[in-house]
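K.L.:
Following this message is one structure expressed as structure tokens.
The values are calculated or read from the model by the stated rules, or taken from the named source; none is laboratory data. These figures come from a predicted structure and were not determined experimentally. Quick reminder, even Gly has a Cβ in these numbers, built from the backbone with ideal geometry, and neighbours come from all protein chains shown. What goes into the accessible areas is simple: the full protein's heavy atoms, side chains included, and nothing from ligands, DNA or RNA. Shrake-Rupley method; radii C 1.70, N 1.55, O 1.52, S 1.80 Å.
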Amino acid sequence: MPFVTSARCHEHDPNGEVWVGLRTPGTERPERLDAIGDALRGADAPEVEAEAQPDDRALRAHTPELASYLREAWECWSSSGLREDPGQDRVVPYLFPHPGLLGGLPLRDSASVAANAGRHCYDTMTLIGPGTWEAARAALDVAITAADLAADRSGAAGAGAAYALCRPPGHHACPDAFGGSCYFNNAAAAAMAMRERLGGKVVVIDIDAHHGNGTQSIFYGDGEVMTGSIHVDPGSGWFPHYLGFASEIGSGAGEGANLNVPLAPGTDDQGWLAALGEVTSWAEGRGAKGLVVALGVDAAMEDPESPLGVSREGFERAGAELARLGLPTAFVQEGGYDLARIGDLVVSVLSGFEG
Ligand code: SP5
Ligand code: ZN
């Protein structure tokens, strides 16, 4: 299947992440794109350049406030002098105006650039630098182009499929907030594009090792985009900690349209594939016309960011299981941090899918 790229996705370099107050080396690095791209080229997958999308199509999962904050954050930080004094080369939040602080009073903009950095960012690990906006915006173009390709290639000959090679990842990005190395929600943008093109329900299946809390949040009250996620149990102490529990089933028109399958640390191929089977069976017969796969490969046993134990064969079988739905499918890259293996793992999922 074709894979969609944009050179601009390289431009984001978080240059580390602040965890428990310390700057540690980051794992969501530009080299991830080369590792996956090289493997896809080695497998002779055709490469397609992302098509620039208008803002109203690309940014509709998010508030205008989040979009303008991310567009301007680096420029504001640079002109504030914080790079020189105290010498912080990335946007790092300083204070989070959470509901307990405001006590019911309305949120206002702060005159401090450092304080404003906590207005939309919900953790200290998701840093903003000179190319962050360009790459995050380009990642939306890549994901939407893949969704369009998958929808447009579907017809009498069968269901089309395409893969979006994008970063930064997106599934932790919410309507008005970002974190977890994500800024904008690429898979949500793909799902909205697909719903529009196919004129019907779409299902997002998230196989990243972490719960897709942003995607869940965007579609929580929406019965037209169903969301299913298999991930390490947040109740066992894993990111995003506060979301991803089985009791979260959607609300209002979206009630019953969200499915979380949390997994114990150490879960291997057997348990992980059984959970995926639970999600695909749930999706079946619910009238979806299209599928978006939030494709993180950090559930791999060697990955430094998760305690799950999925093998290369497990990923290949996951691809085959997703193909069973027989739907136009856009794969959107999420996490996966073991540079030596992620290329092979992505190729395994896609070749499993293509049978
Ligand atoms: C897209 C994606 O996979 N995001 C994962 C974000 C989860 N990161 C949680 C990191 C928790 C702290 N890790 C300590 C390592 C310090 N470098
Ligand atoms: Zn992840």
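K.L.:
Calculate the dipole size of the chain relative to its Cα centre from +1 charges on Lys and Arg beta carbons and -1 charges on Asp and Glu beta carbons; express the result in debye to the nearest 20.
P.N.:
Using Cβ point charges on Lys, Arg, Asp and Glu, the chain gives about 620 debye.
K.L.:
Identify, among Trp74, Leu22, Ile36, the residue whose Cα sits farthest towards the positive end of the charge dipole of region 1-86, taking +1 on the Cβ of Lys and Arg and -1 on the Cβ of Asp and Glu, with the dipole about the Cα centre.
P.N.:
Result: Leu22.
K.L.:
Taking only Cα atoms, what is the 0 to 90° angle, nearest 10, from helix 186-198's long axis to the longest principal axis of the chain?
P.N.:
50 degrees
K.L.:
Between Ser281 and Asp85, what is the label-point separation in nm under the 7 Å Cα-to-beta-carbon projection?
P.N.:
So the two model labels end up 6.5 nm from each other.
K.L.:
Carbon and sulfur atoms: what percent of the 1.4 Å accessible area of the chain do they account for?
P.N.:
On the chain, the fraction of accessible area on carbon and sulfur atoms equals 52 percent.
K.L.:
Also, I was wondering about something else. Could you give the size of the charge dipole of region 1-115 about its Cα centre, using +1 on the Cβ of each K and R and -1 on the Cβ of each D and E, expressed in debye and rounded to the nearest 20?
P.N.:
Here the size comes out at about 420 debye.
K.L.:
Report the gain in length on full extension from Thr24 to Arg41: 0.36 nm times residue separation, minus Cα-Cα distance, nm rounded to one decimal.
P.N.:
Result: 2.9 nm gained on full extension.
K.L.:
Follow-up. Calculate how steeply helix 342-354 sits against the longest principal axis of the alpha-carbon atoms of the chain, using the helix alpha-carbon long axis, and give the answer as 0 to 90 degrees to the nearest 10.
P.N.:
The angle comes out at about 40 degrees.
K.L.:
Find the eigenvalues of the gyration tensor of the Cα atoms of region 271-317, then list the square roots of 5 times those eigenvalues as equivalent ellipsoid semi-axes, largest first, in whole angstrom.
P.N.:
Semi-axis lengths for region 271-317 are 24, 11, 9 Å.
K.L.:
Per residue, how large is the accessible surface of the chain? Use a 1.4 angstrom probe and give square angstrom.
P.N.:
Result: 39 Å² per residue.
K.L.:
Tell me the angle of helix 64-80 to the major Cα principal axis of the chain, expressed in degrees between 0 and 90 and rounded to the nearest ten.
P.N.:
The answer is roughly 50 degrees.
K.L.:
Separation between the Leu105 and Asp56 pseudo-spin-labels, each 7 Å from Cα along Cα→Cβ, expressed in nm?
P.N.:
Computed distance between label sites Leu105 and Asp56 equals 3.8 nm.
K.L.:
Here is a further query. According to a simple spin-label model (label point 7 Å from Cα along Cα-to-Cβ), what is the distance in nm between Glu302 and Ala157?
P.N.:
With each label point 7 Å from Cα toward Cβ, the separation is 3.6 nm.
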